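Single-structure report; data block below.
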Amino acid sequence: MKVSDLNASEYNNYYQTYISKVSNTASLVESYKEAQNQVTSFFKAIPDNKLEFKYAPGKWTIKEVFQHIIDTERVFMYRCFRIARHDKTPLSGFEQDDYIVPSKSNFKTMDMLVEEYQTVRQSSIVLLKSLNHEDLKFIGNASGSNVSARAAAFIILGHEIHHIDVIKNKYL
C-alpha cells in the first residue's frame with residue numbers, strides 16, 4: 001500500500017500538508033521502518049545544549065516537539081486501529097498544546113524519548129502488518145471529518161517529516 005493509493009476523499013484537506021511530504025512510492029510498513037531509523041538518528045544527533053531551546057516565546061522545545069511527534073503517533077494510530085476494525089463511532093480530536101505540560105518532556109533525557117518513540121513505532125509497525133488492504137481502506141470519522149485507516153497512518157509519517165523540517169529550519 002502506497003501513499004499514491006490514497007484518494008482525497010479519505011482525509012480532511014487540512015492533512016494534505018502532511019500527506020504531501022510522504023513519497024508517492026513509499027509503502028506503508030517499509031516507510032514506518034525507514035522513518036524509525038531516520039527519526040531516531042536525527043534526534044540523537046542534536047546537541048544536548050539545543051534540546052530545551054525555543055526559537056520564540058510560546059514555542060515548544062525540541063524535546064517537546066519530539067514528545068508531540070510521539071503523542072500524535074499514539075493518537076493517530078489509535079484512530080487507524082479503531083477505523084480498521086470498522087468502528088463507526090466518531091472519534092474526538094485532541095488539543096496538542098494541552099498534552100505538552102503534563103508530558104514533562106523537558107525532564108526526560110533524549111534516551112528516554114528515543115526509547116518511547118521506538119516502542120510506540122514498533123507497536124505501530126506490528127499493527128500495520130496485521131491489517132489487510134480492505135480494512136486499511138475503511139472510512140471512519142475523526143475530528144469531525146472522514147478519514148480512512150490508511151490515511152491516518154500516512155498522516156503520521158508526514159507529520160514527523162513536517163516537524164523535523166521545522167526543527168532544521170528554526171531550531172538548529
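Readers should treat all values here as calculations from the given coordinates under stated rules, not as data from a laboratory. Keep in mind that this is a model prediction, so the values were computed, not measured. All Cβ positions, glycine included, derive from the backbone under ideal geometry; neighbour counts span all protein chains shown.
The protection proxy used here, the mean number of other Cβ atoms lying within 10 Å of each residue, ranks peptides 74-80, 140-146 as follows, highest first: 74-80, 140-146.
Relative to the Cα centre, the charge distribution of the stretch 3-170, modelled as +1 at Lys and Arg Cβ and -1 at Asp and Glu Cβ, gives a dipole magnitude of about 80 debye.
Using θ = phi - 60° in the Karplus curve 6.51 cos²θ - 1.76 cosθ + 1.60, the 3J(HN,Hα) couplings for the stretch 96-104 round to 4, 5, 6, 8, 5, 4, x, 5, 6 Hz; x is entered for Gly and Pro.
Rounded, prolate or oblate: which one fits the chain, using the alpha carbon gyration tensor with axes a ≥ b ≥ c (rounded when a/c is under 1.5, else prolate when a/b beats b/c, else oblate)? Note, shape of the chain comes out prolate.
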